[in-house]
Ligand SMILES: [Zn+2]
C-alpha cells in the first residue's frame with residue numbers, strides 16, 4: 001500500500017515536470033508565432049529597421065520666466081554619456097543603492113539629439129546645437145546647415161560682459177570645444193579651428209592638443225606649417241604644466257591657452273603616468289577662480305564649458321574600465337561644480353551629453369537570469385564596432401533657471417534655457 005502511494009507520487013511529480021516542460025516549450029512557440037515579430041530571427045537586429053517620417057518643423061520648448069537670474073553658468077558635457085553609462089558607473093563605484101554626484105541634482109530631463117541631417121548625431125552638430133541653439137549637419141561647427149556662420153554662446157555672452165572658459169580632456173580643437181569657439185564646415189579642419197580659437201572671445205582654453213598648434217618640423221600636425229603656439233604668445237599666456245594653474249600668476253585681462261599634452265590628456269596606454277596634466281576638476285577650479293577674479297574686476301558673469309571627452313572614446317573602444325575611469329573624472333568635476341553652486345547661489349550648473357556611444361547594455365548573464373548581482377556590461381556591436389546611437393541623453397540642473405531643464409528638451413532647447421537663466425538686458429561689450 002505504502003509502496004503504491006510512493007510510486008503514484010513519483011509518477012505524478014515526473015508527469016508534472018514533463019508537462020511543465022511541454023507547456024513551457026509550447027508557450028514559447030506560441031508567443032514566437034503570435035507576436036508581431038518581423039521575419040528573421042530575434043538575433044537579427046536589422047529586422048527592426050524602419051524608415052522615419054520626414055522632419056516636420058521643430059517646436060521650441062516653452063520656457064518658464066526666470067526671476068532670479070544666474071551670474072555664472074557651468075555646462076558639463078559627458079561626450080557619449082547616456083543613462084546606461086551613468087548607471088554602469090554608479091553600479092561599479094557605489095553599487096545599486098549608492099548615489100553619485102549626478103544623482104544629487106534636483107532637476108532632470110531628457111534631451112533629444114538628432115542633427116539637421118541625421119537621426120544619429122556626431123559631437124560637432126550636437127555641440128553646435130548647445131553653442132548656437134540651431135540644428136546643423138553632422139561634422140559642421142558653429143555654422144548652420146547651409147554653412148552660414150552662427151553667433152555662438154561665447155560670442156553672444158562676451159557682448160554682455162561675460163567671461164568664458166572651455167575645458168576638455170581631448171585636444172582643444174576637438175568637436176565640442178571647437179563648436180563654442182569656431183565656425184567651420186568640417187570638424188577635421190583643425191588648422192582653421194585652432195586659428196579661429198585664438199581669435200575667439202574665449203578667455204581661457206584648457207586641454208590637450210599642442211600638436212595641432214605646431215608645424216611638422218616641431219613635431220606637430222599643422223598642414224599650413226604655421227607655428228601657432230609661437231604666434232599665440234602675442235595674445236595669450238601659454239600654460240603647459242598643471243602647476244601653472246595658479247590664479248595669482250594671471251593678469252586679469254590676459255587670455256590663457258593651456259595645452260597640457262601633445263594630443264589628448266591621459267593617453268589610454270599610460271593613463272596614470274602624466275604628472276603635468278591637470279584633472280577636469282583642477283581645470284574647473286582654476287576657471288572658477290579666474291571667473292571670480294574677473295567678476296570682482298569688471299565682468300558681469302561667466303560661462304564655463306567642461307567636457308569629459310573620452311567617455312565617448314571608451315564607448316567607441318567598447319572598454320568598460322576606460323569608461324569607469326573617464327566617468328569617475330567627469331563625476332568628480334560635476335561634484336565640484338554642484339558644491340560650488342550650493343555655496344554660490346548665483347550659479348547654474350547643467351550636466352548633459354551630446355549623444356550616446358556604444359549602445360551600452362546592462363544585461364543578465366543568461367536569458368531570464370534575474371538573480372543577485374549577476375550582470376554583464378555589453379556594448380552593442382551589431383554594426384561592427386562601437387558607434388554613436390540615437391538614444392536620448394539625460395540632463396541635470398541646479399541653480400537659477402534650472403526648472404527649464406525638466407521634461408523633454410531638444411538639444412537646441414538647452415541653449416535657450418541657458419540664455420534664459422542669465423540677465424542679458426544690457427549690452428555692455430567685452431569685459432576683458
Ligand atoms: Zn564619438
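The values are calculated or read from the model by the stated rules, or taken from the named source; none is laboratory data. Everything numeric here is computed off the predicted structure, so don't read it as measured data. All Cβ positions, glycine included, derive from the backbone under ideal geometry; neighbour counts span all protein chains shown.
See the values below:
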item: Tally of residues being away from the ligand (no atom under 16 Å from the Cβ) and part of a helix (DSSP H, G or I) across segment 274-333; result: 27
item: Among the candidates 389, 428, 371, 381, residue that is within 16 Å of the ligand (Cβ to nearest atom), at pLDDT below 95 and more than 16 Å from the chain's Cα centre (by Cα); result: 381
item: Top-ranked residue in segment 92-134 [being within 22 Å of residue 202 (Cβ to Cβ) and over 16 Å from the mean Cα position of the chain (by Cα); ranked as surrounded by the fewest Cβ atoms within 10 Å (Cβ to Cβ)]; result: 134
item: Single residue of segment 76-91 satisfying the filter (surrounded by fewer than 23 Cβ atoms within 10 Å (Cβ to Cβ) and within 16 Å of the chain's Cα centre (by Cα)) that is farthest from the ligand (Cβ to nearest atom); result: 87
item: Residue in segment 154-168 that is surrounded by fewer than 24 Cβ atoms within 10 Å (Cβ to Cβ), away from the ligand (no atom under 16 Å from the Cβ) and assigned to a loop (DSSP other than H, G, I, E, B) present; result: yes
item: Residue among 195, 186 that alone is part of a loop (DSSP other than H, G, I, E, B), at negative phi and either modelled with pLDDT under 95 or surrounded by fewer than 24 Cβ atoms within 10 Å (Cβ to Cβ) (or both); result: 186
item: Every residue from segment 95-135 that is free of Cβ contacts under 8 Å to residues at least 24 places away in the same chain and either within 18 Å of residue 336 (Cα to Cα) or touching a helix residue (DSSP H, G or I) at 6+ places or on another chain (Cβ under 7 Å) (or both); result: 98, 99, 103, 115
item: Those residues of segment 141-181 which are in contact (Cβ under 8 Å) with a residue 40 or more places away in the chain, touching a strand residue (DSSP E or B) at 6+ places or on another chain (Cβ under 6 Å) and farther than 24 Å from residue 329 by Cβ, in sequence order; result: 141, 143, 157, 162, 163
item: Test: residue 268 is modelled with pLDDT under 95 and within 16 Å of the ligand (Cβ to nearest atom); result: yes
item: Output for segment 119-133, where each listed residue is closer than 19 Å to residue 392 by Cβ and more than 13 Å from the ligand (Cβ to nearest atom); result: 119, 128, 129, 130, 133
item: Residue list for segment 357-367, restricted to those being under 21 Å from residue 386 (Cα atoms) and more than 10 Å from the ligand (Cβ to nearest atom); result: 359, 360, 361, 362, 363, 364, 365
item: Pairs where the first residue, in segment 314-328, is without any contact (Cβ under 8 Å) to a residue 40 or more places away in the chain and the second is within 16 Å of the ligand (Cβ to nearest atom) and in a helix (DSSP H, G or I), C-beta under 6 Å, 6+ apart; result: none
